[in-house]
Amino acid sequence: MNFLKVGDILKKLDTCIRFKKPFSHIRFGDGGIKFIHSILYRDVEQLNLIVEKEGLPPTRLLEIFELWGYYSRRADCIDTPQVYFDGSFWPRIKKPGKPINSETEYKMRIWKDLYSRAEMDHDTYCNPESNCLMIVDIPEQNTIFDIMKNRKICVITACPQVKSVLPEYDIDIVPIVGQWENQYKNSFKDVVEYINKTASYYDFWLIAAGELGRLYSGMIKEKGGRCIDMGFVIEYWLNGYIHPRFKIYLRESLNDHRLLRLTQEGKKYISTI
């Protein structure tokens, strides 16, 4: 299994931008694994919750599931939760002293079987937290901001006001509705139309769009563009909120409040970040 550290991902993205080659970085996290498990094992209760929260169309769930596999196989890297269990990275917790739900942990531990059955087989993986690790201030290592300099960027997000906290970068926003607001009905068509017209116009895209975001990422690469799954980092840029599960390992950077820094505990894993 080939594993890309954050520096590897950013270096490859930079190269693809310079040579105008397509690129996609797709993360599924525990939410994606729950969706895959729900489809495979017909967990209707879990599936209904995901549908409502993420704004997925109930009549097109199998199509989304199949597209996840299709776009995953063509991505430059997808995430693996294996890092939480092999000692190479900090463990996945809810907050200090509180482990994740045992059912969620079980689903994450059988990720390889779930990915295989979902036809998401790949040979190149990355950390599920690679989005937030891209803004960790580490000496002699690039952050996503280094790649953003003098580049034309598009951001798909439910937080369009993020543009105001990134004034030095050339950014366009494609706004979407947030969780629990039926993204598929209210945003999906417009986003897809915009991607179809402009995927390769931008140097790269930042995606923060939940489960449907995996489709946007796949479409962007298929149309010749490049993208990074940035997830909740957009919200951190806006409000500085660090999830409790990270607080043992990450703090706000002293150099730039939009960056993070490793705590002493976090630095134990610097060689694998």
Just checking, does the range 208-221 include any residue being surrounded by fewer than 23 Cβ atoms within 10 Å (Cβ to Cβ) and either at pLDDT below 95 or over 17 Å from the mean Cα position of the chain (by Cα) (or both)? no
If you go through the range 98-121, how many residues are aliphatic (A, V, I, L, M) and over 21 Å from the mean Cα position of the chain (by Cα)? 0
In the list Tyr241, Tyr236, Tyr201, Tyr194, which residue meets the criterion of being surrounded by fewer than 21 Cβ atoms within 10 Å (Cβ to Cβ), of a type in the set (Phe, Trp, Tyr) and closer than 18 Å to Cys132 by Cβ? Tyr241
Within the range 238-273, which residues are assigned to a helix (DSSP H, G or I) and either among the hydroxyl-bearing types (Ser, Thr, Tyr) or on the phi > 0 side of the Ramachandran plot (or both)? Tyr269, Ser271, Thr272
Residue in the range 76-103 that is surrounded by the most Cβ atoms within 10 Å (Cβ to Cβ), counting only those that are hydrophobic (A, V, I, L, M, F, W, C) and in contact with a His (Cβ under 7 Å, 6 or more places away or on another chain): Ile78
Here is a list of conditions, (1) surrounded by fewer than 21 Cβ atoms within 10 Å (Cβ to Cβ); (2) assigned to a helix (DSSP H, G or I), and Asp172 meets all of them except one; can you say which number that is? (2)
Out of Glu140, Glu181, report the one residue that is at pLDDT below 95 and not hydroxyl-bearing (Ser, Thr, Tyr). Glu140
For the range 165-191, pairs from a residue that is more than 30 Å from Lys149 (Cβ to Cβ) to a residue that is part of a loop (DSSP other than H, G, I, E, B) and among the small types (Gly, Ala, Ser), with Cβ under 6 Å and 6 or more apart or across chains, are Asn182/Gly55; Gln183/Gly55; Tyr184/Gly55
For Glu235: the one exception among (1) in a helix (DSSP H, G or I); (2) within 22 Å of Tyr71 (Cβ to Cβ); (3) in contact (Cβ under 8 Å) with a residue 24 or more places away in the chain: (2)
Does Met108 satisfy being assigned to a loop (DSSP other than H, G, I, E, B), touching a helix residue (DSSP H, G or I) at 6+ places or on another chain (Cβ under 7 Å) and buried (at least 17 other Cβ atoms within 10 Å of the Cβ)? no
Go through (1) touching a residue at least 40 places away in the same chain (Cβ under 8 Å); (2) in contact with a helix residue (DSSP H, G or I) (Cβ under 9 Å, 6 or more places away or on another chain); (3) farther than 23 Å from Ser217 by Cβ and name the single condition Asp137 misses. (2)
Looking at the range 61-69, can you tell me whether even one residue there is in contact (Cβ under 8 Å) with a residue 40 or more places away in the chain, loosely packed, with under 15 Cβ neighbours inside 10 Å and more than 20 Å from the chain's Cα centre (by Cα)? no
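The values are calculated or read from the model by the stated rules, or taken from the named source; none is laboratory data. These numbers come from a predicted model, not from an experiment. Glycine also receives a Cβ, built like all others from the backbone with ideal geometry; neighbour counts cover every protein chain displayed.
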